[in-house]
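The values are calculated or read from the model by the stated rules, or taken from the named source; none is laboratory data. Here the structure is a predicted model, which is why all the values come from computation and not from measurement. Using ideal geometry, Cβ is built from the backbone for each residue, glycine included, and neighbour counts are taken over all protein chains shown. These area figures cover heavy atoms from the full protein model, side chains too; ligands, DNA and RNA do not enter into them. Shrake-Rupley method; radii C 1.70, N 1.55, O 1.52, S 1.80 Å.
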Amino acid sequence: MLRQTAISCLVAALVLPAGARTRPHYGGTLHVEVEGDPWQRSSGLARSLVLDGLTAMSPDGTAQPALAVDWKSENGNHRWQFRLRPGVHFQDGSLLNSAAVVASLTDICGAGCPWTAIRAIGSSVIFTSDSPLANLPELLAGDDYRIALAGAGNPVTAPVGTGPFQFTAFSNGILTLAANENCWQGRPFLDAIEIRANRSIQYQWLDLSVGRADLVEVPAEQLRQAHDQRLTVVAASSVSLLALAVSDSGALANPNLRAAIALAIDRGALSNVIFQKQGEITASLLPAEVTGYGFLLRAERDLNKAHELRGGVAPPLLTFAAEGGPAMQLAAQRIALNLRDAGFNVQVVASGASQHVDLTLRRVALESIQPQPALESILRAAGLAIQVSESTPEGLYKIERQILDAHTLIPLLYLPRAWALGGRARDLRLSLEGTPQLANVSLSDVQPEAAP
């Protein structure tokens, strides 16, 4: 299925022979740098350090206990009961209870939640739904459903959670997180983590080279360069879907125009030129390794068919925005050229512009390797509140085929997510979606405390 791979050198935890390594020690501050916002959804690094979910994703892609110790379904998966772990406290000292969980999940999605109703009964949280929710435990392991204490801190930039680290300060672009001494999972080895936000990749790598950073990002398009520079890199393959979201209003209410857009895009050029052959071309929303039916979906460009579907119609100017850094902007420019070749008039605009946007290029994290919850999480991240009620390959293919035929979400590439390590960090692992798991990371230059 999805594999974690080491590039150039082995993963930091394996750099030293087992006999030569010493036991990890508590203490020290890990310095991390990221290009974006560490609080962003999904897969923002700070969120996974401060907040926990009712469930967590195991390496095999199934749900395992986290803030909930167990769960059961009734009435054909229309009703679920999750029993909370006793004795868990938020970082401000208040007790985690079922009412706090209900308040948090209600704040997160309100009327747009995948369940119909949620309520607190004793030490349990009860979910009910008009439609069966067979994959609810896996869904609740996703980044969107992490539990924050309602009414405490800033829910966006300084939430109060139950995770291994807690918010301390944000100053001069640096987010400081301190170890949660009373974390239900045990105290992390690190005393603190400092995350420098909105740092360009060039400066991240420079800081890593001179020892000012311990962990930095490696974009997919720069993996070869990282290998050439002999950086110690750990990567998770095929964990980020590059997709084009297409409006179905205005001129693009015409389904033939949306189909023409899908056929006009040259995925091979995106993979080879923009992402330096690190992207896996896909016409499916899920990786082929997960479903087995990816080969049934056509990814080739067909410019003649695109012209035919357009039917000589000259649509008005289409606005196109890309979410993300320089590579995403270059990818958007490349796609815009493809669409102009097919007779479309396209203007690339800044992401977040107040004007209506017809086309949006975005990356969506793959949060599970179980097909049903993975597909539902992708659709929700793309703004499509479609419940995936099928779990068989045939049923999933039928649902995905319907979505793809609407051409409102066009999958393009699956990309890896990678990080480069400095010499101090040890025992780094990545989650399924490629997020560093820092609770068990320690620093090699931390000395053990002297015996009293």
Could you check, for region 243-263, whether at least one of its residues is within 24 Å of residue 61 (Cα to Cα), at pLDDT 95 or above and either among the β-branched types (Val, Ile, Thr) or open to solvent by less than 50 Å² (accessible area, probe 1.4 Å) (or both)?
yes
Members of region 293-349 found to be in a loop (DSSP other than H, G, I, E, B), open to solvent by 40 Å² or more (accessible area, probe 1.4 Å) and either in contact with a helix residue (DSSP H, G or I) (Cβ under 6 Å, 6 or more places away or on another chain) or not small (Gly, Ala, Ser) (or both), listed by number
298, 300, 301, 313, 316, 317, 323, 345
Name the one entry in 226, 235 that is within 21 Å of the chain's Cα centre (by Cα), in contact (Cβ under 8 Å) with a residue 12 or more places away in the chain and open to solvent by less than 60 Å² (accessible area, probe 1.4 Å).
235
Is it the case that residue 323 is of a type in the set (Asp, Glu), at negative phi and in contact with a strand residue (DSSP E or B) (Cβ under 7 Å, 6 or more places away or on another chain)?
yes
Could you check how many residues of region 391-433 are out of contact with any Leu (no Cβ under 9 Å at 6 or more places or on another chain) and acidic (Asp, Glu)?
3
Within region 190-216, track down each residue that is within 20 Å of residue 438 (Cβ to Cβ) and assigned to a loop (DSSP other than H, G, I, E, B).
190, 191, 197, 198, 199, 211, 212, 213, 214
May I ask you to say which residue of 34, 11 is hydrophobic (A, V, I, L, M, F, W, C) and at pLDDT 90 or above?
34
Six or more apart or on different chains, Cβ atoms under 6 Å: show the pairs whose first residue is in region 125-141 and more than 9 Å from residue 114 (Cα to Cα) and whose second is open to solvent by 10 Å² or more (accessible area, probe 1.4 Å) and of a type in the set (Lys, Arg).
126/119; 128/79
Quick count over region 40-62, residues being in contact with a Gly (Cβ under 6 Å, 6 or more places away or on another chain), among the β-branched types (Val, Ile, Thr) and open to solvent by 10 Å² or more (accessible area, probe 1.4 Å), is 0
Determine whether residue 177 is of a type outside the set (S, T, N, Q), buried (at least 23 other Cβ atoms within 10 Å of the Cβ), in the same structural domain as residue 26 (by TED's automatic domain parsing) and in a loop (DSSP other than H, G, I, E, B).
no
Hits in region 350-375 - residues which are among the hydrophobic types (A, V, I, L, M, F, W, C) and in a helix (DSSP H, G or I)
374, 375
Can you tell me which condition residue 371 does not meet? The list is (1) open to solvent by less than 20 Å² (accessible area, probe 1.4 Å); (2) closer than 30 Å to residue 137 by Cα; (3) out of contact with any strand residue (DSSP E or B) (no Cβ under 6 Å at 6 or more places or on another chain), and all the others hold.
(1)
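For every residue, the table says whether it meets (1) touching a Lys or Arg at 6+ places or on another chain (Cβ under 7 Å); (2) of a type outside the set (Asp, Glu).
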| residue | (1), (2) |
| --- | --- |
| 210 | no, yes |
| 215 | no, yes |
| 218 | no, yes |
| 223 | no, yes |
| 253 | no, yes |
| 266 | yes, no |
| 276 | yes, yes |
| 284 | no, yes |
| 295 | no, yes |
Given the condition buried (at least 19 other Cβ atoms within 10 Å of the Cβ) and closer than 30 Å to residue 316 by Cβ, answer yes or no: does some residue in region 413-425 qualify?
yes
When region 238-278 is checked residue by residue, the ones that are within 28 Å of residue 214 (Cα to Cα) and free of Cβ contacts under 8 Å to residues at least 60 places away in the same chain are 276, 277
Residue check for residue 208: more than 23 Å from the chain's Cα centre (by Cα), of a type in the set (A, V, I, L, M), outside the structural domain of residue 277 (by TED's automatic domain parsing) and over 14 Å from residue 45 (Cβ atoms)
yes
Of everything in region 154-174, what is touching a residue at least 40 places away in the same chain (Cβ under 8 Å) and open to solvent by 40 Å² or more (accessible area, probe 1.4 Å)? Give them in sequence order.
155, 156, 157, 166, 167
Unique residue being open to solvent by 40 Å² or more (accessible area, probe 1.4 Å), outside any loop (DSSP other than H, G, I, E, B) and either among the polar types (S, T, N, Q) or closer than 19 Å to residue 258 by Cβ (or both) when the list is 387, 402:
402
